[in-house]
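Novice: Have a look at this one before I ask anything.
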Amino acid sequence: MSRTRSRIAVAGLVAVLCSSTPGFVGVATAAPCAQLDDQRGWGQPVWCAEFDDFLDPNEWAVYDSPGHAGNGRRSPGQLFLGDGALFLYGTPDGTTAGLAARYTQQYGRWETRIRLYPGAGSYHPVALLWPAGGGGGVKPNGGEEIDFLEVIDDPERQRPNFFMHSPQGRQEAHASLDMTTWHTYAVETSPEGVVGYIDGQEWFRSDIAVTTPMSACLQLDWFPGEGSEGEAWMEVDWLRIYALT
C-alpha cells in the first residue's frame, strides 16, 4: 500500500467530531495538560492538544469557509483523527482544512510536533500565530502574522520556512530538513521580540515584538497554479502552549 493510501486508510477510521465556526477565535479555558519532563526550562504547558479523541468546539474553531485567497474550500470534513494524531487532507480540487485554537496569549511559547508527506507542491502546510479574531480567511488585525512553519512549492517536503509579518515589513528564515519524519516547530514571543525553533534549536530571531494576543492555527493552504497539482496530507501529533516565565 502506498504511503498516501495508508494515510487515507488510517484517517478514515475516525472523523473529527466538532461543530464548525467561520474561523474566529477567542479566549478559551486551558485544555488539560499531562505532566511532562521540563527539559528546556519552559515549565509545564498551560494549554495542550494531544488529538487522542475529539476536538472540543470550546477549544477549537474549525474553518468552514473559502480557502486561502478565496481558492478552493476549507471544510470540516477534511479533518480526521486516528493513531493519536490529527490529519489535514487536501484534495486535487482544493478542498482542504484548517483550524485555530481559541486559547490566546500575547507572550509565551507555542510548540507542535508535525510530520508531512510528499504531495502536491501547490499545497502549503502551515503552523502559524494570528491575532485573536483572525483565522479561516479573516484578515488579522494590525497585519501581524507569524508562520513558524510554512512549506512552499516543495513536493518532497524538504525546505521549511519561517515568515514574520508585521507593520515594519516581513522577516524570514529558511532551512533544509526532511519533514517526512517527525519534528517539533516552536515560536516564542516576548517584549524583546520573536524567536523560532526547530527541534529545540534556534533558527529565527527578530527584535520586533507582537502587540496583541495571538492564537495558534494549523492550515493546509491551497495555491492553485503555484507548484504541482494533486493531493496533500499534514499530520499533527500535538500542540502545546507555555506561559512566558
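Novice: Quick one: order 215, 228, 75 by neighbouring beta-carbon count within 10 Å, fewest to most.
Specialist: The most exposed by this proxy come first: 228, 75, 215.
Novice: Short version: ³J(HN,Hα) in whole Hz for each residue of segment 104-110, in order, from phi by Karplus 6.51 cos²θ - 1.76 cosθ + 1.60 (θ = phi - 60°), x for Gly and Pro, what are they?
Specialist: Per-residue couplings from phi come out as 10, 7, 7, 10, x, 10, 10 Hz.
Novice: Let me ask something else. Less than 11 Å Cβ to Cβ from residue 205, Lys/Arg counted +1 and Asp/Glu -1: what total charge do the surrounding residues give?
Specialist: With Lys, Arg at +1 and Asp, Glu at -1, the neighbours total -4.
Novice: Further, regarding this structure: Quick one: 3J(HN,Hα) in Hz for segment 114-129, Karplus 6.51/-1.76/1.60 with θ = phi - 60°, rounded, Gly and Pro as x.
Specialist: Each residue of segment 114-129 in turn: 9, 10, 10, 10, x, x, 4, x, 6, 9, 10, x, 9, 10, 8, 10 Hz.
Novice: Per 10 Å bin, what is the whole-percent P(r) computed from every C-alpha pair distance within segment 138-245?
Specialist: 12, 45, 35, 9, 0
Novice: Just to check I understand the Karplus step: with θ = phi - 60° and J = 6.51 cos²θ - 1.76 cosθ + 1.60, what whole-Hz values come out for segment 238-244, glycine and proline as x?
Specialist: Per residue, the Karplus-derived 3J(HN,Hα) values read 6, 9, 10, 10, 10, 6, 7 Hz.
Coordinate-derived values only; no laboratory data. Small disclaimer: the values here were computed from a predicted structure and weren't measured. Cβ: placed from backbone, ideal geometry, glycine included. Neighbour counts: every protein chain shown.
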